[in-house]
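Accompanying notes for the structure given below.
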Amino acid sequence: MDEQLAAYVSGLYEEHYGRLFRHLMLSGSTAAEADDLIQEGFLRLFRHLGSGRQVDNPQWWLLRVMHNLRIDEIRKRKREFALDRPEFECLIAQLHTKDPDAEEQIIAREQQARIKTAVGKLAPRQYQYLLLRAEGLKLREIAEMFRVTVQTVSESCAKAMLELGRLTDES
Amino acid sequence: MNRKPWQDRDGHPPADLLLLHLEDELEGRAADTVRQHVNQCAACLLACEQLERGMSRFIAFRDSAVLPTPAPRTTAFHERLLRTDAESSFIPAITRLRGLFRLNSPRRLAFAFGGAFLCLVVWLSIFFLGTPRQSVYASQILDDARSASDSLIAHSKVLNQKIRLRRGNLVIERSVHHGRRTVVQAQDSNIDSQLQQALDLAHINLNDPLNSNDFADWRTEQREHTDSVKETALGVTITTRVAGGAITEGSLTLSRAGWRPIARSVEFRGEAPIEISELGYDISDWPSLMPESATLAAAPGSLTPPNPPAAAAEVSTAELEATELDLREALHSIGADVSAAPVIWRSERTVFFHAVAENPRQEEAIRDAANRIPHVKEADKQPARLLETPPAQTWGPYKTTPPLADALAAKLGSGRAVRSFLDSFRVRSSRVVAEATALDQLGKRYPVDEIKKLPPDLRFRVNRLATNMLSSLQHDSADYVKSLSPTLDGMAHDLNITAPVDDNNKVPGCLTWQENAALAAPQLRNLANNVSLLFVPNQTDTPAALSADKLVAESLRAKSFLELHLMSTCQLFGAN
């Protein structure tokens, strides 16, 4: 392994840190946990590349590794890996969204509040699937991560997406 | 009525199938069946659009979350990496040795011997029993892959793959097209003779490096080899180990769905391995991608996309039709169909376009998108026959009776709030007017009768494009009307004006998207024009002919049209 590889991975770390941090925070990690997970994920990437193997899409690779690390971490504390309902509700309730621009604040706020309420009504697992889908992962890849069938992920995502889509129609 | 397996109670594909269809994750017959149904079904198109809208809402929600954003501590992390690098060279060996010496208790020792014995049994059973079975299984899989490839060709389909070939520091990324006939590939300048020799040895054809038949031929040629087959959720990997020779091992991974080759690797004795992997793929109909008139040969695949045909080559109308749609979709995907007001026209062999980009970045994106589509050319200007006279607008000196600018300032409380309101109004109104105009142009290009003449796949693509555009227009118009309503309704209330009943607003039955766009575009323009006139600070120059009562009434009428018809889902797809 050489310094060039370390510089390359450090560059990736700098480039992807913000996005991965947001993703982990939105998945229910604390800031400290997110930072640890990111560092550990990039260390693994460094070792992986250093051993001569290749990674086609570092962001996806990192998301997978961090997801697995997080599962391990949570399993140390709980029997089952999942954002349970109280945790999820707490996460969404504490989430602040950006203030809309100046003049249509009331309407935009109402809309945001409606979407937030709708997201809060999703099943925690639906929320996690959508978060990963929003990161660009394919349904097949999400299914592989959670060790479920593509059909399960697809049904779950479609139901959630239709609910959010209909909400927009009503607004 | 007999329901088919993919249909729900109402005879439509359920939402999860529609999502898989949208994500392009359906394969084989299911993909064709759902595609054909969605192509013909307005309700399913609407459901698809709702799914996409739901996802974009979720993304907007995610992006709006306010979260702490600590800066990455890159320098500290870099140092940590270097420390890890230094430690990793000898720590693993030491820890492993230490692990062995820890086996000091009799119970642990017994456990270790038991494990070793079990490993020996497993290894022997694999060696004596497993290998022939694995070989037979590997042969069966390769036969299946060959059949799948033949079936694709028999159905006039083209498998388009983006692949990466890596050897040491050399990385080549290219597009490969497997089909009935493909373009002859020119030699690549990156390939030196040593690599070429290695490729030949491994039976890797640069025109089709993932070809499973080539792998099968190489495997059959090896006198002494052992096979192993490893299955995962996504794919099956056949690994063939060779006893002697320059190559020690070769492997091919096939996707479980469709037996599509997705990766291949070759390990050499004392040389860097060759790794080939698929980065992405899609399957398209033969004629829509490759012009029949291009230089063709009976080669199995190609590393380059098809070259545009020579100037003299004939291009069929169907191909040009598909090309034009390719261009429209490409412009739509980068938002240029609305913001760059593109004009598209055709000659016998070429699709021309002229667009006015908002900025150099968009100009580059447009050019880049157009360059990828054969038979498309950018023109410096549009032909005179296509130049449109902009609709007449009432601008210039006027005065309002009474001046509503003052009333607006009184209502909103400050000059800053008024400016902010007007700025926002201008941005929103120009956006929706541009969207409505773009959709109207599309409707004029593809009237209902014209669409009916198109082949089903093109008809579906036109309707899908229109659905996307209409959906954005509906969404933005709803926002626009909502932001405008409190002020406009307040003014109407203050002036004691009610929305006039107008026969034009009584639209009978369901409208097609073309009819809807044709009605919405002028209504939106009128609304923007009238509201601008209402609220711009009053002027006293002549002519002073505009009446605030009339402007408010007109605006209310336009608003009511938009609320009643444009935002109503009934009118979306009408007769198409």
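Here, each number is a calculation from the coordinates, and none is a lab measurement. Please read these numbers as outputs of a predicted model, since none were measured by experiment. We place every Cβ from the backbone using ideal geometry, glycine too, and count neighbours over all the protein chains shown.
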Exercise for review: First measure r as the distance between the Cβ atoms of A:Arg114 and B:Glu363, then evaluate 1/(1 + (r/R0)^6) with R0 = 60 Å and state the FRET efficiency to the nearest 0.05.
Suggested key: 0.95
Check your understanding: B:Arg372 to B:Gln40: extension gain in nm, 0.36 nm per residue of separation minus the Cα-Cα distance?
Key -> 116.6 nm
Revision key, fill the gap. Taking every residue of B:45-58, the Cβ atoms of other protein chains inside 10 Å of its Cβ average out to 6
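Ignore the peptide's own chain and count Cβ atoms of other chains within 10 Å of each Cβ in B:70-79; give me the average, rounded.
Counting other chains' Cβ atoms within 10 Å and averaging over B:70-79 gives 6.
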Check your understanding: With each label point set 7 Å from Cα along the Cα-Cβ vector, what nm distance links A:Ser51 and A:Lys138?
Key -> 2.5
Review point. Quick one: if the Förster radius is 30 Å, what FRET efficiency do B:Asp192 and B:Asp143 give, using the C-beta to C-beta distance and rounding to 0.05?
Key: 0.30
Revision key, fill the gap. Simple spin-label estimate for B:Val171/B:Val66, 7 Å along Cα→Cβ, in nm, reads 4.0
Review point. On average, how many beta carbons from a partner chain sit within 10 Å of the beta carbon of a residue in A:134-142?
Key: 3
Review point. Once you list every other residue whose beta carbon is under 9 Å from the beta carbon of B:Val338, what net charge do they have if Lys and Arg are +1 and Asp and Glu are -1?
Key: -1
Check your understanding: Which net charge results for the neighbourhood of A:Val119, defined as the other residues with beta-carbon distances under 12 angstrom from its beta-carbon, given Lys and Arg at +1 and Asp and Glu at -1?
Key -> +3
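Mind ordering B:372-380, B:197-205 by average Cβ neighbours within 10 Å, highest first?
Final packing ranking: B:197-205, B:372-380.
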Revision key, fill the gap. Farthest towards the positive end of the dipole of the range B:315-383, among B:Ala379, B:Trp345, B:Leu331 and with Cβ unit charges of +1 on Lys and Arg and -1 on Asp and Glu, lies the Cα of B:Ala379
Point to revise | Exceeding the 18 Å Cα-Cα cut-off - candidates A:Lys116/A:Lys159; B:Lys482/B:Lys559; A:Lys116/B:Lys482 | key: A:Lys116/B:Lys482
Review point. Which peptide among B:54-61, A:14-21, B:443-450, B:209-216 comes first, and what is the full order, when sorted by highest mean count of other Cβ atoms within 10 Å?
Key: B:209-216, B:54-61, A:14-21, B:443-450
Check your understanding: What is the local net charge at B:Ser277, summed over the other residues whose Cβ is closer than 9 Å to its Cβ (Lys, Arg +1; Asp, Glu -1)?
Key -> 0
